[in-house]
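Undergrad: I'd like to ask some things about the structure below.
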Amino acid sequence: MKSILLNPLTYWLRWLYTKWKLESKYRGKHLNIEYMVEITNSTFGSYNTLFKFSRLQNVNFTDFATIGRNAQVQNTTMGKFSGIGPFSYIGLAAHPTKGFVSPHPLFYSTLGQSSGLVIVEKNLFEEYETTYIGSDVWVGNGVSVVQGVTIGDGAIIGAGSVVTKNVEPYSIVGGVPAKLIRYRFTKEQIDFLLEFKWWDKDLDWIKANKDLFLNIDLFMEKYGPKKGS
């Protein structure tokens, strides 16, 4: 039975069924599931794209959120207009580093990671907390984000970074572990954007104002303080 479940044809049929089921369920919302994407217990908004070979488990998508090729995302809520680059890992499980004699899940988890063997009666360590990715966030290629982290609106995570703590809105971080490089805009501009929340505007508004997205000064000139709404 196990050999049948692991058969490449079985994987392909499972993907085809999942693609058909979800794209039918979200018909009219432009959900795009590319080849061999694995999806478990996840919800979607509008205009979501899941690129080839990505894997999702317990992910809550909002509008225009995308997942890159071969990315793995679990226990995560994604804001609008946010993207995760290829080969990134979001929501990595935690392991105990204090008190426990061993970090092996056999001694604290009932999930059966050791070929199904379970020796504890209940979970004794919180492996997975929800990871929050804000709106207008870009997570670069090959980024790792540990579980329970919050990435603020407008943030950018440099390629290859390892994010171990919360990331401030509109900051650019990078490195191992990820550290602040700079902010994308001035404090005045950031405060305005966080209050304005352009990502909550409807698609007609975004289309009508698309040229302003090329220049923060022009955007502020039209919609900044005392300039209208």
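For (1) modelled with pLDDT of 95 or more; (2) assigned to a loop (DSSP other than H, G, I, E, B); (3) within 19 Å of residue 83 (Cα to Cα), each residue gets a yes or a no:
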residue	(1), (2), (3)
142	yes, yes, yes
160	yes, yes, yes
172	yes, no, yes
180	yes, no, no
189	yes, no, no
195	yes, no, no
205	yes, no, no
213	yes, no, yes
217	yes, no, no
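Undergrad: Hey, another quick one. Step by step: first the residues of segment 15-29, then only those that are touching a strand residue (DSSP E or B) at 6+ places or on another chain (Cβ under 8 Å) and of a type in the set (D, E, K, R), then the one that is farthest from residue 63 (Cα to Cα). Which residue is that?
TA: 19
Undergrad: Here is a further query. Going by the conditions given, is residue 130 within 25 Å of residue 180 (Cα to Cα), surrounded by fewer than 18 Cβ atoms within 10 Å (Cβ to Cβ) and among the hydroxyl-bearing types (Ser, Thr, Tyr)?
TA: Here the answer is yes, as residue 130 does meet what is asked.
Undergrad: Which of (1) of a type outside the set (Ser, Thr, Tyr); (2) farther than 27 Å from residue 57 by Cβ; (3) surrounded by 20 or more Cβ atoms within 10 Å (Cβ to Cβ) does residue 187 not meet, given it meets every other one?
TA: (3)
Undergrad: Can I ask one more? Filter the strands (runs of 3 or more DSSP E) completely within segment 38-111 down to those with at least 1 residues that are in contact (Cβ under 8 Å) with a residue 40 or more places away in the chain and buried (at least 18 other Cβ atoms within 10 Å of the Cβ).
TA: 72-78, 89-92
The values are calculated or read from the model by the stated rules, or taken from the named source; none is laboratory data. Everything numeric in this text was worked out from a predicted model, so none of it was measured. Using ideal geometry, Cβ is built from the backbone for each residue, glycine included, and neighbour counts are taken over all protein chains shown.
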